[in-house]
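Below is one structure, written out as structure tokens; the observations come after it.
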Amino acid sequence: NRAVEQITRAFSERSKAEAEMRQFVADAGHQLRTPLTVIMGYLSGMVQRANSVQQAQTYATMLAQARRMKYLIDDLITLARLEHPNASAVEIVDMNDVCERLPLSFDDAARARIRVRSAHEPAYVYANESDITGGLCALVDNALKYAPSGPVEIALAAGNSHWVVSVGDHGPGMTGEDLRSAYDRFYRGSASESVEGTGLGLAIARKSVERARGTMLI
């Protein structure tokens with residue numbers, strides 16, 4: 001009985017610590033957004049009013065790093081939200097409609113590269129549409145970044161008692177080591193040297209899909 005009590009207490013303390021950490025990340029992220037946005041605004045103006053090319057390049061580098069920090073904060077806030085234990089509201093979702101609307105989440109240049117192949121029959125699931133859309137958007141964004149010169153294909157097909165959404169590209173692919181660490185936070189694969197990112201995209205995608213009671217495979 002004492003052993004059971006100790007294990008129960010340890011799990012309870014761990015859950016409490018994780019909840020406090022998630023809350024801290026969310027609160028700190030929200031507090032950092034405002035001053036960072038102000039800094040980015042000033043840096044943008046400084047780039048335009050620079051007295052020399054070298055000065056403009058310095059300000060542009062600072063602005064790029066500030067933007068990278070903002071992307072990182074946004075991704076951390078998203079992860080903190082996705083890890084909240086409360087279940088998200090579910091509804092009947094038309095996967096054909098979700099896939100067909102995915103390109104609208106991206107700019108015109110990216111949208112022109114996205115190809116959608118819907119199912120030839122109604123494709124309904126019982127899930128949270130925001131979670132599904134968030135996970136798929138993260139996957140498509142990842143494909144757009146790592147295959148910058150080719151199309152990104154979204155295909156919906158029927159499986160055994162479930163629906164399968166595949167996101168494909170013609171990029172360099174992943175090595176065995178990349179596949180083993182793909183979902184690790186802040187991990188950036190061998191093809192990421194010249195690609196901007198935070199290393200949180202696939203972690204966000206997986207967590208979103210799991211919250212929608214789905215399974216993500218690479």
Legend entry - Length-normalised contact order of the range 72-218 in % [C-alpha pairs under 8 Å, at least 6 apart]: 27 percent
Legend entry - Gaussian network model of the chain, springs between alpha carbon atoms under 10 Å - residue of Ser105, Ser130, Ser161 with greatest fluctuation: Ser161
Legend entry - Mean residue ellipticity (222 nm) of the chain, computed from DSSP H runs ≥ 4 via -39,500 (n - 2.57), nearest 500: -19000 deg cm²/dmol
Inset, instruction - Considering only Glu13, Glu129, Glu153, give the residue with the highest GNM mean-square fluctuation for the chain, with springs between Cα atoms whenever their separation is below 10 Å. - result: Glu13
Legend entry - Candidate residues His162, His120, His170: accessible-area rank, largest first, probe 1.4 Å: His120, His170, His162
Legend entry - Arg188, Arg49, reordered so the largest accessible area comes first (probe 1.4 Å): Arg49, Arg188
Legend entry - Surface accessible to a 1.4 Å probe, Ile39 within the full protein complex, Å²: 90 Å²
Legend entry - Accessible area of Glu210 in the full protein assembly, 1.4 Å probe (Å², nearest 10): 90 Å²
Inset, instruction - Only Lys, Arg, Asp and Glu count, each charged at its Cβ (+1, +1, -1, -1), so figure out the dipole size of the chain about its Cα centre, rounded to 20 debye. - result: 540 debye
Legend entry - Accessible heavy-atom area order of Asp97, Asp178, highest first, probe of 1.4 Å: Asp97, Asp178
Legend entry - Positive-end residue of Ala112, Phe11, Met216, charge dipole of the chain with Cβ unit charges: Phe11
Legend entry - Label-point separation in nm, Asp97 to Ala3, each point 7 Å along Cα→Cβ: 5.4 nm
Inset, instruction - Counting only DSSP beta bridges with both residues in the chain, tell me the antiparallel percent, nearest 5. - result: 70 percent
Inset, instruction - Would you mind getting the accessible area per residue of the chain, heavy atoms of the protein chains only, 1.4 Å probe, in Å²? - result: 65 Å²
Legend entry - Modelled FRET efficiency - R0 25 Å, Met174 with Thr215, Cβ distances, 0.05 increments: 0.85
Inset, instruction - Work out the length of the dipole vector of the range 63-129 about its Cα centre, built from +1 on the beta-carbon of each Lys and Arg and -1 on the beta-carbon of each Asp and Glu, and round it to the nearest 20 debye. - result: 460 debye
Inset, instruction - Using only Cα atoms, figure out Rg for the chain and give it as a multiple of 2.2 N^0.38 Å. - result: 1.21
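The values are calculated or read from the model by the stated rules, or taken from the named source; none is laboratory data. Since the model is a prediction, treat every value here as computed from it, not as a measurement. Positions of Cβ are generated from backbone atoms using ideal geometry, with glycine treated the same way; all protein chains shown enter the neighbour counts. For accessibility, only protein heavy atoms count, side chains too; no ligands or nucleic acids. Shrake-Rupley method; radii C 1.70, N 1.55, O 1.52, S 1.80 Å.
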